[in-house]
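Report on the following structure.
The values are calculated or read from the model by the stated rules, or taken from the named source; none is laboratory data. Everything numeric here is computed off the predicted structure, so don't read it as measured data. Don't worry about glycine lacking a Cβ; one is built from the backbone with ideal geometry, like all the others, and counts go over all protein chains shown. Note: accessible area is taken over every heavy atom of the protein model, side chains too, but ligands, DNA and RNA are not part of it. Shrake-Rupley method; radii C 1.70, N 1.55, O 1.52, S 1.80 Å.
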Amino acid sequence: MIEGGLDYGLRQCAAIAKEGIRSIAVDGWAVDYVRVDTDGRALTDPFCYRDERTIKAERSLHRKISPERLRELTGVQLIRINTLYQLFADELQGLPEGRQWLNLPEYILSRWGGARVAEHTNATHTQMVELYQRQWCREIFSAAQLDLAAAPKLVPPGTKIGRLSGPLAELPALSDTILIAPACHDTASAIAGIPATGNDWAYISSGTWSLVGTLLEQPRNGEAAAEENFTNLGAVGGQVCFHKNVNGMWLVRQCIEKWAADGRVWTVPELVAAAEKVPKPHGLLDVDDPDLLLAGRMPQRINAQRARKNFEVLDERPEHAPIFASLIFHSLASRYAKVLERVAFHSGKKVKRLFVVGGGSQNDYLNRLTKEATGLDLFRGSAESSTVGNFAVQLAVLEGSRDAVTGAYAEQVSRWAGLIVEAMERAAN
């Protein structure tokens, strides 16, 4: 189904682009993967990273290798959605026939004719890559009883991995199309899509999750950063996305689904506008409560937390949705401010500017609350920043960039991102 939809989309693009399509690159959410046979065909449908099977897998794996050791080796935030826990859940359940796997963006590229690879920004989120050596970690593979030979080859963002082949390549516009592994992790692409210079800025990639952090030249994996569960993920040009996962618009979307089931359909813009008109909430949510990461019954989950904190529970009927939305937005803004204070502490940066990108950047009310809570100059980046960053990497590659792991390469990508954003703004006006 997914592959058919993508193929259809490319055929539509080919019909428009009479001049031809020079390259294709794929980014997407991290951590999820597809198990494939020796010919690269999917053996089973992938699991969603929120599947609760990883609750048991996390507990079981930590008896084989401690969370502290995992953190020391990888510098990655300990969170059960990471690919490591998913693959270990497969081990506990019994593997399907065949043991190879590819993360989702790289799987799509391989189905179109690309080499089977693990692009570095995406691979770091598996929690199986050594932080400083930038290679698969043998100790972790051994502890999880995973076959290192089944892991795909690691490559940096901006790697050409082949040419489009198969039925799509028979179309004139796609007859000579290069396949590129961009920053396959959509967050890394989104940060690459911020055309910012200098060293005084931080970011929030705002969507289902809010990724709150800054770009660094070197990881921060000291005791304090580890204790606070900050993550060090790959970024374009050999840089590091140093950030923390904060629950995001997932909370609102889950509430909307519940209210729709109860007979009232709210859109996000309607809910944002209505939330601005209700009084400031009394008592904020712990938005990162593990219970709020689960699907279903979100208004009830929120009220359960409020009851535990001895706050007044809210009326869960759909007509009271703006009160819930106001609570969520105020709570997110407060959490962003606290995390950004720690980002500045760990990075040593004097942060003055905050760039908000992704779909959540269109929430002007949340942006205003965030600006007030942080005291930073807030700039709204592109809602499609992942696409901007993806395109920018492709253009840097096609321009002839040689070394994809240098600061100069990162500057080239940033320059292209600025040009793309300017072109999009002109087209919108």
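Structure summary
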| read-out | value |
| --- | --- |
| Residue match in segment 303-313 (condition: among the basic types (Lys, Arg) and open to solvent by less than 20 Å² (accessible area, probe 1.4 Å)) | yes |
| Hits in segment 28-63 - residues which are in contact with a strand residue (DSSP E or B) (Cβ under 9 Å, 6 or more places away or on another chain), more than 18 Å from residue 123 (Cα to Cα) and either assigned to a loop (DSSP other than H, G, I, E, B) or open to solvent by 70 Å² or more (accessible area, probe 1.4 Å) (or both) | 37, 38, 40, 43, 44, 45 |
| Positions within segment 103-159 being within 24 Å of residue 180 (Cα to Cα) and among the β-branched types (Val, Ile, Thr), in sequence order | 108, 117, 121, 124, 126, 129, 155, 159 |
| Any hit, segment 117-136, residues being open to solvent by 20 Å² or more (accessible area, probe 1.4 Å) and in contact with a Phe, Trp or Tyr (Cβ under 7 Å, 6 or more places away or on another chain) | no |
| Residues within segment 133-173 that are out of contact with any strand residue (DSSP E or B) (no Cβ under 8 Å at 6 or more places or on another chain), of a type in the set (A, V, I, L, M) and more than 22 Å from residue 9 (Cβ to Cβ), tallied | 5 |
| Filter pass, residue 269 being open to solvent by 70 Å² or more (accessible area, probe 1.4 Å), in a helix (DSSP H, G or I) and either within 24 Å of residue 79 (Cα to Cα) or not hydroxyl-bearing (Ser, Thr, Tyr) (or both) | yes |
| Residue 92 part of a helix (DSSP H, G or I) and touching a residue at least 60 places away in the same chain (Cβ under 8 Å) | no |
| Selected residue [among the aliphatic types (A, V, I, L, M), in contact (Cβ under 8 Å) with a residue 24 or more places away in the chain and outside any strand (DSSP E or B)] from 169, 202 | 169 |
| Filtered residue count, segment 345-370, keeping only those that are surrounded by fewer than 16 Cβ atoms within 10 Å (Cβ to Cβ) and not polar (S, T, N, Q) | 7 |
| Unique residue being assigned to a helix (DSSP H, G or I), open to solvent by 40 Å² or more (accessible area, probe 1.4 Å) and among the hydrophobic types (A, V, I, L, M, F, W, C) when the list is 321, 260, 226 | 260 |
| Condition met for residue 107 (open to solvent by less than 60 Å² (accessible area, probe 1.4 Å), more than 25 Å from residue 244 (Cα to Cα) and within 18 Å of the chain's Cα centre (by Cα)) | yes |
| Among residues of segment 65-89, those that are more than 18 Å from the chain's Cα centre (by Cα) and buried (at least 20 other Cβ atoms within 10 Å of the Cβ), counted | 6 |
| Odd one out for residue 110 among (1) touching a strand residue (DSSP E or B) at 6+ places or on another chain (Cβ under 7 Å); (2) over 30 Å from residue 391 (Cβ atoms); (3) assigned to a helix (DSSP H, G or I); (4) not charged (D, E, K, R) | (2) |
| Every pair of residues 6+ apart whose Cβ atoms lie under 8 Å, when the first sits in segment 49-62 and is under 14 Å from residue 91 (Cα atoms) while the second is among the hydroxyl-bearing types (Ser, Thr, Tyr) and assigned to a helix (DSSP H, G or I) | 54/85; 57/85; 58/85; 61/85 |
| Residue check, residue 279 under 21 Å from the mean Cα position of the chain (by Cα) and either acidic (Asp, Glu) or surrounded by fewer than 16 Cβ atoms within 10 Å (Cβ to Cβ) (or both) | no |
